[in-house]
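Structure, as structure tokens:
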Amino acid sequence: MFRLSDCMNQLVRPTPPRFRRAGGVVRPVVIWNLTRTCNLRCRHCYTVSANTHFPGELTRAQAMAVVDDLARFGIPALILSGGEPLERSDFFGIARAARQGVRYLALSTNGTKIEGETADLIAKTGFDYVGISIDGIGATNDRFRGMEGAFAAALRGVRACKVRGIRVGLRFTLTRDNSAELPQLLELCRDEGVDKFYLSHLVYAGRGDKHRLDDTDRSHTRAAVDLLIEAAWKTARGHGGPEIVTGNNDADAVFFLRWAEARFAPGLVANLRAHLAAWGGNSSGIGVANIDTLGRVHPDTYWSDYTIGNVKEKPFSALWEGDDPMLATLRQRPRPLKGRCGACAYGDVCGGNTRIRALQLTGDPWAEDPACYLNEAEIGVAGGDAGRLQVTPFRGKSHDPAHDFAN
């Protein structure tokens, strides 16, 4: 996850970077898919969920054992996800136990079930954050989500969280069919007092792999990230708006760094780069892990075809600290990257981007990420044409945020 707003703040109120300690295994943020059952049928769902029962999911006793192990292991955060996690009958029992054992507890949901007693229970459980997925305004969202009225129900869920004092965010997966609605979604966040906006780039996993042709072309991706940078800059300057983060395309950090290089003093840019290097880009198998509905552990949520082990047979903590060869290679810095990714001058910032896309398209997890939208000159690859980062305006007329610096 690229925390754009936090990085933007380093250009306004810089602080010293904090590097991870060398050696040892990083305790990861764990994303736990509690069930594949879901009342929606989203076209890019990475778990291929549906409104039916799926056999083999963890029992309540098995789930409670996982909670105990994660608490003892000292993970920094636990995200309860699905499918739709609220479809699981023992969800709140698991959540209450997790609340007692982990420092940060979040819920990832489609939001359509958050009302009345369910909303009250979410507040009473003490979730630190609720992320609600949305893929456009009105009918656009309903078409992506496979249910008429899904947008209205999700918005009702946002408002139910806000009125109960729960920190809430919107998650938006960018595709060629909904990218034009990004400005409206940012406006919605401002109007509804949404705390965080998360833009997810499409990952070729689950139904997302079947719909990989829906992925935006490079000009649309660049324009979308440019718009987010503009919004984050305004917020950093005190104009309000949600915290902005992006996920599943760590080239966003390089794009932002190049944007900053063209506009800020070298000292500020050097400090920003140091922060980005301390973050290190893609964190699959390092700072993030996944437990799927059957108890299988993966380097992240999109690596469903690669399993480290199963929590039904061995505790997560033991699996994470074990000698799995893929985990060991993902944790290498630098990683054994090939092609453009291997030659990139920003490997310390990006970390090689999202390896699962390379694996899906080439069969090689270390090949270049096909969704990197920067050209050779921008990533410092020999033979590229030198020049400034070219920013594509999202809307009809050009707007250069640099004009704001004079104010």
Three-way shape label, region 195-343, alpha-carbon gyration tensor, a/c 1.5: prolate
Among THR125, THR246, THR59: highest mean-square fluctuation, GNM of the chain, C-alpha pairs under 10 Å: THR59
Residues HIS239 and ASP128, FRET efficiency given R0 of 22 Å [Cβ-Cβ distance, rounded to 0.05]: 0.30
Tally of Lys pairs whose C-alpha atoms are under 15 Å apart, taken over the chain, 8 or more apart or cross-chain: 4
Distance cut-off 18 Å, percentage of C-alpha pairs in region 48-112 lying past it: 37 percent
Heavy-atom accessible area ranking, 1.4 Å probe, most first, across GLU117, GLU57, GLU84: GLU117, GLU57, GLU84
Cα-based shape type of region 312-366, given that a ≥ b ≥ c are square roots of the gyration tensor eigenvalues and the cut on a/c is 1.5: prolate
Distance in nm between pseudo-label sites at ARG167 and ASN310 (7 Å out along the Cβ direction from Cα): 3.6 nm
Rg and Dmax [Cα atoms of region 21-170; Å; Rg one decimal, Dmax integer]: 15.7, 51
Residue-span extension gain [GLU321 to ALA61] - 0.36 nm each, minus C-alpha spacing: 91.3 nm
Stretch gain in nm, segment ALA262-SER219, where the contour uses 0.36 nm per residue and the Cα spacing is subtracted: 13.5 nm
Diffusion coefficient, µm² s⁻¹, Stokes-Einstein with Kirkwood Rh over alpha-carbon pairs of region 98-184 at 10 °C and 1.306 mPa s: 117 µm²/s
Portion, in percent, of the accessible area of region 61-188 that falls on carbon or sulfur, probe 1.4 Å: 49 percent
Quotient of Cα Rg and 2.2 N^0.38 Å for region 248-306, N being how many residues it contains: 1.55
Heavy-atom surface of the chain, accessible at 1.4 Å and reported per residue (Å²): 42 Å²
LEU294-ASP90 pseudo-label distance in nm [points 7 Å out on the Cα-to-Cβ vector]: 2.0 nm
Region 267-393: Cα Rg divided by the 2.2 N^0.38 Å rule of thumb: 1.21
Accessible surface, 1.4 Å probe, highest first, among residues ASP252, ASP120: ASP120, ASP252
The chain: DSSP helices with Cα axial extent of at least 18 Å and average Kyte-Doolittle hydropathy no lower than 0.0: 60-73, 150-163, 266-279
The chain, relative contact order in percent, only Cα pairs under 8 angstrom and at least six apart counted: 19 percent
Three semi-axes of the equivalent ellipsoid, region 88-236, Cα gyration tensor, whole Å, largest first: 28, 18, 15
Extension reserve of the VAL12-GLN100 stretch, reckoned as 0.36 nm per residue once the Cα distance is removed: 28.0 nm
Where labels lie 7 Å past Cα in the beta-carbon direction, separation of PHE19 and ASP191 in nm: 4.7 nm
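The values are calculated or read from the model by the stated rules, or taken from the named source; none is laboratory data. Note that this is a predicted model, so its numbers are computed, not measured. Here the Cβ is made from the backbone with ideal geometry for all residues, glycine too, and neighbour counts use every protein chain on show. Accessible surface areas use protein heavy atoms only, side chains included; no ligands, DNA or RNA. Shrake-Rupley method; radii C 1.70, N 1.55, O 1.52, S 1.80 Å.
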